[in-house]
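J.: Have a look at the structure that comes next, please.
The values are calculated or read from the model by the stated rules, or taken from the named source; none is laboratory data. Everything quoted here is computed from the prediction, not taken from an experiment. Positions of Cβ are generated from backbone atoms using ideal geometry, with glycine treated the same way; all protein chains shown enter the neighbour counts. With ligands, DNA and RNA removed, areas are computed over all heavy atoms of the protein, side chains included. Shrake-Rupley method; radii C 1.70, N 1.55, O 1.52, S 1.80 Å.
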Amino acid sequence: MESFVLFLPFLLIMGGFMYFASRRQRRAMQATIDLHESLRPGDRVHTTSGMEATVVALHEDTVELEIADGVVTTWMKLAVRDRILPDDDLDEDLDEDVDDETDVDDETDAGDEEVEGIGQESRVAKESERDT
């Protein structure tokens, strides 16, 4: 009886771990199923091997992906990992960030008289290239 009392907490901990692990796995599987059901021709996707492609046609278990202009290949739907979201807004934000960084670099270059550290030689080389 005493060994059962010591074994019971171990069983409860293992049971709880298995329950939460299976819940997480079910959620991930449902998200994958939802993705595959929502695919439409024209969607940009990533495959599990890392390739980016455009969905051309969908069949029961397969999907035809255009990986280059005029190059269409057939893949299993399970090979589609995720959809690439349109990044129109991200491009605008990135352009603004690049402009901001350029302004900051110009301001810091004007105020620097001497730069100490490891990258001083490369900075001097870059400045001389920029001047020519």
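J.: I'm trying to understand the selection: among the residues of segment 52-73, which are in contact with a strand residue (DSSP E or B) (Cβ under 8 Å, 6 or more places away or on another chain) and either among the polar types (S, T, N, Q) or open to solvent by 70 Å² or more (accessible area, probe 1.4 Å) (or both)? Quick ask: steps written out before the conclusion?
T.: Kept after step one, since they are in contact with a strand residue (DSSP E or B) (Cβ under 8 Å, 6 or more places away or on another chain), are these residues of segment 52-73: 52-58, 61-67, 72-73.
Matches in segment 52-73: E52, T54, D61, T62, V72, T73.
J.: Filter segment 43-74 down to the residues that are part of a strand (DSSP E or B), of a type in the set (D, E, K, R), over 16 Å from the mean Cα position of the chain (by Cα) and closer than 18 Å to L85 by Cα and list them by number. It would help to see each step written out before you state the result.
T.: Pass one, segment 43-74, residues part of a strand (DSSP E or B): 44-47, 52-58, 62-68, 71-74.
In the following step, the residues that additionally are of a type in the set (D, E, K, R) were identified as 44, 52, 64, 66.
Okay, now just the ones that are also over 16 Å from the mean Cα position of the chain (by Cα), so 64, 66.
Residue satisfying the conditions is E66 alone.
J.: Which residues, counting only those in segment 14-42, are of a type in the set (D, E, K, R) and either touching a strand residue (DSSP E or B) at 6+ places or on another chain (Cβ under 7 Å) or outside any helix (DSSP H, G or I) (or both)? Steps first, please.
T.: Within segment 14-42, the first condition is being of a type in the set (D, E, K, R), and the residues that meet it are 23-24, 26-27, 34, 37, 40.
Once the filter is applied, which keeps residues that are of a type in the set (D, E, K, R) and either touching a strand residue (DSSP E or B) at 6+ places or on another chain (Cβ under 7 Å) or outside any helix (DSSP H, G or I) (or both), segment 14-42 yields only R40.
J.: Please enumerate the residues belonging to segment 19-32 that are of a type in the set (A, V, I, L, M, F, W, C) and within 19 Å of the chain's Cα centre (by Cα). Don't jump to the end; show me each part of the working.
T.: Looking only at segment 19-32, we keep the residues that are of a type in the set (A, V, I, L, M, F, W, C), and these are 20-21, 28-29, 31.
If the condition is that a residue be of a type in the set (A, V, I, L, M, F, W, C) and within 19 Å of the chain's Cα centre (by Cα), then A28, M29, A31 are the ones that fit.
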